[in-house]
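The values are calculated or read from the model by the stated rules, or taken from the named source; none is laboratory data. All values derive from a computational prediction rather than experimental measurement. Quick reminder, even Gly has a Cβ in these numbers, built from the backbone with ideal geometry, and neighbours come from all protein chains shown.
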Amino acid sequence: MATAAISVKGLTKSFGSIPALAGLDLEVVPGEVHGFLGPNGAGKSTTLRVLLGLVRADGGTAHVLGLDPWEDAVELHRRVAYVPGDVSLWPNLTGGQIIDLLGRLRGGLNPARRAELLDRFELDPTRKGRAYSKGNRQKVALVAALSSEAELLLLDEPTSGLDPLMEATFRACLAEERAAGRTVLLSSHILSEVEAVCERVTIIREGVTVETGDLASMRHLTSISITAEVATPLPDLEEVEGVHDLERHGGSLRFKVDHHALAASLRVLGEGGVTNLTCQPPTLEELFLRYYDRPSNSMS
Amino acid sequence: MTATLGGTAQLVGAGLRRDRWTLVGWITGLAVVTMVSVRATLPLYPTVAERRSAAAAVNASAGTVALFGRITDLSSPGALSLYKMSGFGGIFVAMLAILLVVRHTRADEDAGRSELLGASGAARSAPVAAALLICLVAMVLLAVVTSIGLILAGLGSSGAVAFAAEWAGLGLVFAALAALGTQVASSARGAIRIAAVAVGIAYVLRAVGDVGPAWLHWLTWTSPFGWELAVGAAQGDHWWVLGVSLGVAAAGAAGALAIADRRDLGAGLFEASAGPPSAGRRLREVVGLTWALERTSLLVWSLAFFFYGALLGGFVTGAGRFLPSSSSRDLIYRLGGQRVLSNAFLAAELSIAAVLAAGFAISVVLRLRAEEVEGHVEAVLATATSRRRLLGSYLAVALGGSAVLMLLVALGAGLAYGISSRDLGHVGPVVVAGLVQIPAVWVMAGIAALLVGSAPRLAVIAWVVLALAIALGEIGPLLHLEHWLMDLSPFGQVPRLPGGTFSWVPLGGLVVVSLMFLVVGDAGYRRRDIG
């Protein structure tokens, strides 16, 4: 594997006496769209700010595109584009001026891509910064970042305030970025979005990484939901190890089963004369809740 | 009325709580400076004869009358001691009122807090009503504290209360004007700009009315400062004149409330128009951005400084012609000047201009901190812009801009002096006298940079330092403070020009000190967290 696009190990950072990061690890591979998940206040934005050299970590190491984000900030930022979580625009500059300015300060932007993105996001570039709504401010930052041709995109909850149509446009743009070989770190708590665009995710909580890996393998950690209609009551099903949360409503069954017990439970269903079967993989939401519902000390 | 002003009481309570330390600072600052100044001046003129000659000298100088107003009761001890604080101190009272009103109305609206309030059941005009009431409370407190201080300083109680009341009346007029400004401007900064321009125009109208030919005297009565001085604290105490200020304040407040009740939230009379769809060539480097953000402000300051200089320069010959008596020389000398009157006048006024230019420089440097709080610095530093470049762009505008301001004020003064005295040879020395102030201004900018770099949360202390420097310069000589103490003010280090002896040593020293502050500020800025 080539050098990691982002490599963070044991990152710590406190603001006064309040710890924000407490030994965070994060590894992003070049060319991937990496989901960065965590509840509010988990340390997502602080991590991104460390990766941009805006904030200096107290401990641990962080490398972005092989560079030290604090020491090599200027050199690094020519290759990185950033969409902050809370976009604030200069009230007297127009959206178009701000897009151009940020692009030029970074070292250039692709005018054709800029025009195309303005069109696709339906953004009026002649309005003054103070006149934009939250969603439109977000679009200004997105157009500036996506038209930059940067190697790495750091996006902090980029779709907050966007309507569903624009969210779809954003997802399409992200797919194009990936096809163009760019790396994306997408911080979010909108799980469906992460599920739709990310191959791998890192889940953090209270400043610590609690899970990282590709979505497919993480799904194996949780159980599958099964709904079935059967001819007989199937008392044996409760005996299968790995089956839980079993509910019966007349002839229909609903239960959850761990991955290793899937074959055994299907065998029981088959013998019981199953007439209808739906099988749902665990959603990211379930993964997410699995980590967040527990108190932090049982995490390790 | 109650139906349209629902929620006002709660807003007043919350606002006073939010501002309690700011108010304590402003009110004690203003009251103490007035008290100390009166206490120091009262014993200077113990006899009626001395007071008469000093007051006559003041009235004879067009320059001092333009700056501070006219003394009507020549024998009053209080009149002389309050002379500088009434009109000139009134500027600070007006600024306090303006900042209070804008802070609790348009600034909250810009930040989106008013929207939250509007949705919570508070009336549309409630924030304006609350801001005006907060200002009323502040002015009453200021009046009470100031009159107690003045009575303690030895001023008669009627004069003390009249002085405090004229300040409060002036503050309320500008509170109402600021409230109107917040309704027509489209941002907090715009509202402050409108109100500050109103203060400047009012001051000039009063000055022209007081100094100009008889057929212009009515101009004094168009100005809130004219109404303020017409009360004549400790020289007649014409209480009824307060009614003019209060009446205008009430009318202005009613107007602002009426507009607030009808206006869309976030809207102004001067709507944000559409702009260019792409950035021009100048918006390229971060310097271009800083320039784009600060150029309007510098332009307004530049015009104000040039005309201020021209106004001063025009009064110089008047000062020379009207001031032949030894008593007036004595007064100017005691006010901290030199033997030659016109030079003393110019030196004193250029020193005041330097303090104002320092105010500009500090406001520019502190804007970098405001940009950080608003999240704009994060966006800029996430691009290939170094922290040194960003800080440097603000320092360039602060240092370069304040230097331009001093050049303009001196050029205006020199040209007006030269033309009115038919001797353009005055221009050169006056310009030099303005330029020598620049290093002192830069020291104040350096202190602001040091704070923004190393202690961003305490950046407002730069204003406190400037206030201390003014206090040392204005009151230090009257109090016979130790020399080393007065020398702490950078403005006290500058050679007194024109007329005094020029020396490179203090100027070089000031430049070195300001450079040291800048270096430490830069080091701090590159090392600290942003946000």
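Looking only at the range A:242-257, count how many residues are within 17 Å of A:T222 (Cα to Cα) and either in contact with a Leu (Cβ under 9 Å, 6 or more places away or on another chain) or at pLDDT 85 or above (or both).
Residues of the range A:242-257 that are within 17 Å of A:T222 (Cα to Cα), as a first pass: A:242-246, A:254-257.
Retained after the next criterion (residues that are either in contact with a Leu (Cβ under 9 Å, 6 or more places away or on another chain) or at pLDDT 85 or above (or both)): A:242-243, A:246, A:254-257.
Total meeting the criteria: 7.
Look through the range A:98-143, keep the residues that are within 10 Å of chain B (Cβ to nearest Cβ) and under 13 Å from A:F170 (Cα atoms), and return whichever of them is farthest from the chain's Cα centre (by Cα).
A:L118
Name every residue in the range A:20-52 that is within 14 Å of chain B (Cβ to nearest Cβ) and among the hydrophobic types (A, V, I, L, M, F, W, C), in order of residue number.
Those that are within 14 Å of chain B (Cβ to nearest Cβ) and among the hydrophobic types (A, V, I, L, M, F, W, C): A:A20, A:L21, A:L48, A:V50, A:L51, A:L52.
For A:E149, state whether it is at pLDDT below 90 and under 24 Å from A:G108 (Cα atoms).
Working: at pLDDT below 90: yes; under 24 Å from A:G108 (Cα atoms): yes.
Yes.
Tell me whether the range B:482-491 contains one or more residues that are away from chain A (no Cβ under 14 Å), over 28 Å from B:S37 (Cβ atoms) and in a helix (DSSP H, G or I). Give the derivation first.
Our first condition is that a residue be away from chain A (no Cβ under 14 Å); within the range B:482-491, this holds for B:482-491.
Retained after the next criterion (residues that are over 28 Å from B:S37 (Cβ atoms)): none.
No.
What tally of residues in the range B:102-113 results from selecting those that are within 14 Å of another protein chain (Cβ to nearest Cβ), of a type outside the set (D, E, K, R) and in a helix (DSSP H, G or I)? Walk me through how you get there before you give the answer.
In the first step, residues of the range B:102-113 are kept if they are within 14 Å of another protein chain (Cβ to nearest Cβ); the result is B:106-107, B:109-112.
Pick out the ones that are also of a type outside the set (D, E, K, R) and you get B:107, B:111-112.
Checking which are in a helix (DSSP H, G or I) leaves us with B:107, B:111.
Of the residues in that region, 2 qualify.
When A:E71 is evaluated against the numbered criteria (1) in a loop (DSSP other than H, G, I, E, B); (2) within 30 Å of A:L11 (Cβ to Cβ); (3) more than 10 Å from chain B (Cβ to nearest Cβ); (4) in contact with a helix residue (DSSP H, G or I) (Cβ under 7 Å, 6 or more places away or on another chain), which criterion, by number, is the only one it fails?
Of (1) in a loop (DSSP other than H, G, I, E, B); (2) within 30 Å of A:L11 (Cβ to Cβ); (3) more than 10 Å from chain B (Cβ to nearest Cβ); (4) in contact with a helix residue (DSSP H, G or I) (Cβ under 7 Å, 6 or more places away or on another chain), only one is false for A:E71: (4).
For A:G31, all conditions in the list (1) at pLDDT 95 or above; (2) on the phi > 0 side of the Ramachandran plot hold save one; what is the number of the exception?
(1)
Show me the helices (runs of 4 or more DSSP H) found entirely inside the range B:372-452 where at least 1 residues are more than 14 Å from every other protein chain (Cβ to nearest Cβ) and under 25 Å from B:V465 (Cα atoms).
Working: elements: B:376-381, B:387-420, B:427-435.
In the range B:372-452, B:387-420, B:427-435 are the helices (runs of 4 or more DSSP H) which contain 1 or more residues that are more than 14 Å from every other protein chain (Cβ to nearest Cβ) and under 25 Å from B:V465 (Cα atoms).
So that you can scan it fast, the table gives a plain yes or no per residue for (1) free of Cβ contacts under 8 Å to residues at least 60 places away in the same chain; (2) of a type outside the set (D, E, K, R):
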| position | (1), (2) |
| --- | --- |
| B:A445 | no, yes |
| B:L450 | no, yes |
| B:R457 | yes, no |
| B:V465 | yes, yes |
| B:G473 | no, yes |
| B:L481 | yes, yes |
| B:P490 | yes, yes |
| B:P495 | yes, yes |
| B:G499 | no, yes |
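Without any contact (Cβ under 8 Å) to a residue 60 or more places away in the chain and more than 20 Å from B:W239 (Cβ to Cβ): which single residue out of B:L116, B:L133 fits that description? Write out each step before concluding.
Details: B:L133 fails: without any contact (Cβ under 8 Å) to a residue 60 or more places away in the chain.
Answer to the check: B:L116.
Being more than 10 Å from every other protein chain (Cβ to nearest Cβ) and in contact with a helix residue (DSSP H, G or I) (Cβ under 6 Å, 6 or more places away or on another chain): is that true of A:P91 here?
Working: more than 10 Å from every other protein chain (Cβ to nearest Cβ): no; in contact with a helix residue (DSSP H, G or I) (Cβ under 6 Å, 6 or more places away or on another chain): yes.
No; evaluated as a whole, the condition is false for this residue.
How about the range B:222-265: which of its residues are part of a helix (DSSP H, G or I), touching a helix residue (DSSP H, G or I) at 6+ places or on another chain (Cβ under 7 Å) and over 17 Å from B:L180 (Cβ atoms)?
Listed by number, the residues that qualify are B:F225, B:G226, B:W227, B:E228, B:L229, B:A230, B:V241, B:L242, B:V244.
Can you report the number of residues in the range B:56-72 which are touching a Leu at 6+ places or on another chain (Cβ under 9 Å), part of a helix (DSSP H, G or I) and of a type in the set (A, V, I, L, M)?
Residues that pass the stated criteria total 6.
Which of the residues spanning the range A:230-247 are in a strand (DSSP E or B), surrounded by 12 or more Cβ atoms within 10 Å (Cβ to Cβ) and under 36 Å from the mean Cα position of the chain (by Cα)? Please lay out each step first, then the result.
As a first pass, look at the range A:230-247 and keep what is in a strand (DSSP E or B): A:230, A:243-247.
Within this subset, residues satisfying the condition of being surrounded by 12 or more Cβ atoms within 10 Å (Cβ to Cβ) are A:230, A:243-244, A:246.
Scanning the range A:230-247 gives A:V243, A:H244, A:L246.
Suppose we filter the range A:34-54 for residues that are outside any helix (DSSP H, G or I) and either more than 16 Å from A:E206 (Cα to Cα) or of a type in the set (K, R) (or both); how many remain?
Going residue by residue through the range A:34-54, those that are outside any helix (DSSP H, G or I) are A:34-43, A:52-54.
Right, trim to either more than 16 Å from A:E206 (Cα to Cα) or of a type in the set (K, R) (or both) and you get A:34-35, A:52-54.
Residues in the range A:34-54 being outside any helix (DSSP H, G or I) and either more than 16 Å from A:E206 (Cα to Cα) or of a type in the set (K, R) (or both): 5 in total.
Whether any residue in the range B:498-509 is modelled with pLDDT under 90, more than 14 Å from chain A (Cβ to nearest Cβ), part of a helix (DSSP H, G or I) and surrounded by 14 or more Cβ atoms within 10 Å (Cβ to Cβ) is what I want to check.
no
Test of understanding: among B:G149, B:G78, B:G159, B:G90, which residue is of a type in the set (G, A, S), part of a helix (DSSP H, G or I) and within 30 Å of B:R193 (Cβ to Cβ)? Walk me through it before giving the result.
Numbers: B:G149 fails: within 30 Å of B:R193 (Cβ to Cβ); B:G78 fails: within 30 Å of B:R193 (Cβ to Cβ); B:G159 fails: within 30 Å of B:R193 (Cβ to Cβ).
Going through B:G149, B:G78, B:G159, B:G90 in turn, just one is of a type in the set (G, A, S), part of a helix (DSSP H, G or I) and within 30 Å of B:R193 (Cβ to Cβ): B:G90.
Answer yes if at least one residue in the range B:272-295 is away from chain A (no Cβ under 14 Å), modelled with pLDDT of 85 or more and assigned to a helix (DSSP H, G or I), and no otherwise. Give the derivation first.
At the first step, the residues of the range B:272-295 found to be away from chain A (no Cβ under 14 Å) are none.
Within the range B:272-295, not a single residue is away from chain A (no Cβ under 14 Å), modelled with pLDDT of 85 or more and assigned to a helix (DSSP H, G or I).
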